[in-house]
Amino acid sequence: MPSFTSKSLLAVLAGAASVAAHGHVSNIVINGEYYRGFDSSLNYMANPPAVVGWKANNQDNGFVGPDAFSSADIICHKDATNAKGHAVVKAGDKISIQWETWPESHKGPVIDYLANCGTSGCETVDKTSLEFFKIDEVGLVDGQTWGSDQLIANNNSWLVEIPPTIAPGFYVLRHEIIALHSAGQENGAQNYPQCINIQVTGSGTEKPAGVKGTALYKADDAGILVNIYQTLSSYSIPGPALIEGAVSVVQSHSAVTATATAITSLGDAPAATAAPAATTAPAAAPAVTTTAAAAATTKPATTAAAAQPTTSAKSGCQKRRAARRAAALARRHARDVAFLD
Ligand SMILES: *[C@@H]1O[C@H](CO)[C@@H](O)[C@H](O)[C@H]1NC(C)=O
């Protein structure tokens, strides 16, 4: 193919890669507990289960471009609607965010924000009211390694720490990769935001100010309109400055030890309910206590001891089956990854 310059070949390869499933976070893992995200298969279910990931119209693995930076699509991806449940995480703990896969050509920064949802929680919050503050960012690491390269090397997953100083409450975690392979031309950057609902527990007191999703970026930001095929001595990560108290972590990925169910009630401090339940459960395997604890919190007025029959009647066998299903799902993702690469 003598007429192909290496750059146009690159563009063709990037185009081919974009057909592959790379636009979604399939799950998150918190201290070994697997929470399902809004994976693509949920789009085909009549009554999808409550998950912690926001639904978005990105089955096409599409992105949000700079021409939509002032539209609501930039907040949590195209036509995004609230996740129906949330995960609980203690301030200072880490969340592992698993992407279905990520193409090597789609180089760029990985960024994480939080926005407080108020006392009514994130399941019903109006996304346009959310104000995001930045808790994590990795751009160009050493002149050639990008955040996205670290993510790929980390099994297509990203580890982010919820800063220990953050006040307890309901938050949207806005996790984002910005692919810069075409960003040398106007409107060429590709933002892939993914939103996850969490409840932060702990004793932090900070409530950092944030900015609306539609005010995060501008089309001509130095980190948005940038040619990455030249030697860059530095790269300016777009968006507001990191909050004081943000913690940068070395990437690693967590083994899944249990499957947790998204919590669908605001409850009164689900974490407080979950902890005693777990410790009082008689010598149960971690997978069992976790599932039971998470399920128990959806019934606000009941203690774990007086657990609903439907919850407690779930046999260890059923729970093991659920865990096996999760493992099978995870294996299928691994196969997809291998296939797409
Ligand atoms: C990598 O991620 C896949 C899910 O995409 C998972 O099934 C697999 O166990 C992970 N590998 C490791 C070593 O954690």
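Annotations for the structure displayed:
- Residue among Ala306, Ala260 that alone is modelled with pLDDT under 50 and farther than 27 Å from Val64 by Cα: Ala306
- Residues (more than 13 Å from the ligand (Cβ to nearest atom), touching an Asp or Glu at 6+ places or on another chain (Cβ under 9 Å) and within 21 Å of Gly92 (Cα to Cα)) located in region 25-52: Ile30, Asn31
- Only one of Leu173, Leu159, Leu151 that is away from the ligand (no atom under 16 Å from the Cβ) and either under 19 Å from the mean Cα position of the chain (by Cα) or crowded, with 20+ Cβ neighbours inside 10 Å (or both): Leu173
- Considering (1) outside any strand (DSSP E or B); (2) of a type in the set (Asp, Glu); (3) touching a residue at least 40 places away in the same chain (Cβ under 8 Å); (4) under 29 Å from Ser248 (Cβ atoms), the lone condition that Asp142 does not fulfil carries the number (3).
- Residues located in region 1-38, provided they are charged (D, E, K, R) and at pLDDT 85 or above: Glu33, Arg36
- When Ser252 is tested against (1) away from the ligand (no atom under 16 Å from the Cβ); (2) modelled with pLDDT of 80 or more, just one condition goes unmet, and that condition is (1).
The values are calculated or read from the model by the stated rules, or taken from the named source; none is laboratory data. Model, not experiment: these values are computed from the prediction. Every residue, glycine among them, receives a Cβ derived from its backbone with ideal geometry; neighbour counts consider all protein chains shown.
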